[in-house]
Amino acid sequence: MADGRIFREAWIAGVRKHFPGEPKSGYVTPWEETPEWEREAAAAVCEQVRQFLELSAGHAARLSREQKGRFVATCWTAQMYKHFENPKPGYVADWPELPEWQQETDADIFEAIEQTT
């Protein structure tokens, strides 16, 4: 689950950096206290980003921050549909509906994974 931890730590760092005000405690819950479904989802998205980078021979690194964030957000949405029959609307919101702090955090996640690949 090391990949999931990379995702989660990048998420927490991004939330602390970009979230306006004090984030909900669930947004910054440490890895050890993160629910199993969320750990699995984080690991899956991390693996998808790694595969994307590998399949592009590293050229996916040339994507814009928005494109990187969109990729993470789309992969996360697919995981929410996998883990929940009827996920909360916020869990599956499309990119334009996500708050700016979340878009920036998703881009940070991609770049954090990129740096470990």
Review point. What are the residue pairs meeting all of these: first residue in region 1-26, first residue within 17 Å of Ala107 (Cβ to Cβ) and without any contact (Cβ under 8 Å) to a residue 24 or more places away in the chain, second residue surrounded by 15 or more Cβ atoms within 10 Å (Cβ to Cβ) and hydrophobic (A, V, I, L, M, F, W, C), Cβ atoms under 7 Å, and 6 or more apart or on different chains?
Key: Ile12/Val28; Arg16/Val28
Study note, to complete from the structure: Of the residues in region 66-110, those that are surrounded by fewer than 19 Cβ atoms within 10 Å (Cβ to Cβ), closer than 17 Å to Ala44 by Cβ and touching a residue at least 60 places away in the same chain (Cβ under 8 Å) number 0
**Study point:** Those residues of region 54-70 which are modelled with pLDDT of 95 or more and in contact with a helix residue (DSSP H, G or I) (Cβ under 6 Å, 6 or more places away or on another chain), in sequence order
**Key:** Arg65, Lys68, Gly69, Arg70
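The values are calculated or read from the model by the stated rules, or taken from the named source; none is laboratory data. Model, not experiment: these values are computed from the prediction. With ideal geometry, Cβ positions are generated from the backbone for all residues, glycine too; neighbour counts draw on all protein chains shown.
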